[in-house]
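Report on the structure given below.
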C-alpha cells in the first residue's frame, strides 16, 4: 500500500484512494500464486498526544481478475459479503524520535507506516477468519503440532493457535484492533479433534457478530497475523491489549515461556 505524505503537522490525515492501493499475493495449494486487490478501503491518522491510527477494508471489493473465483471468495464459504461490511482496525501509534532536519517528518513517517500495518493487518484478519471456518467444509479441525517450545495446539494446516488470558472464561474480549492482529479461529459447525487433540476439551463460543469461535479447555483460540508457517510462534508471550498471549499444550495448559527460551 502506498500513501501520500501529508503536508500538515497536526490534525487528521486520510489515505487518498486515488494514489493508494491494497494488493495481496497468496499461494494457492502451494502451487499457484494468486494476486488480487481490495478496491474499497480507507484509513486515517488523528494526531494528538497519543496518535490514533485507523484503517478499514470493504471485503466485497475483493478482485483477483477471475469472476468465478471472486464470486466464490465473496460467498458465505469465505468472506460472506452478502451484507455490506468492512473489516476495521484501530490502534494507538507510538512515534519514534523526530528527524533533526524536519521536527515533524519522523513522526509523520512513523504514523504512515503504522497506518499501512493496521490496514494490512485488517485484510489479513479477514483472510484468516474466513479460511479457518472453511477449512473442513463446516467444523474446523484442531490438532497438535511441533514448535520450538514443544508440542502445541495448531489448526488443520499447522498454524499456531493462542489463548488470551484477558478473556472471561469462554467469552472473548478481543474485538476491533485486537481481532485485526489476533484473528479468532472460527467454525461453522462442531469442531473436529485432529491428531493428539482431546475431543472432550473442544467447544465453541458465540462472538458478538454471531459467529462461532473454537475453544479448547475453556480458552477461545486465536491466530497471530505474522505466523505464516507451521512451527512459527511469533506471538508467544507478546503483551498486547492488556495481557500476554500464550500457546497451549495438548492438555490445554498455557506455556509461559518466551519463544527464544531453550
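Nothing in this text is a laboratory measurement; each read-out follows from the coordinates by a stated rule. These figures come from a predicted structure and were not determined experimentally. Glycine gets a Cβ as well: all are built from the backbone with ideal geometry, and neighbour counts include every protein chain shown.
Using a simple spin-label model with points 7 Å from Cα along the Cα→Cβ vector, what separation in nm is obtained for residue 228 and residue 24?
With each label placed 7 Å out from Cα toward Cβ, I get 1.3 nm.
Based only on Cα atoms, what Rg/Rh ratio does region 141-247 have, Rh being taken as Kirkwood's radius?
With Rg and the Kirkwood Rh in hand, the quotient comes to 0.92.
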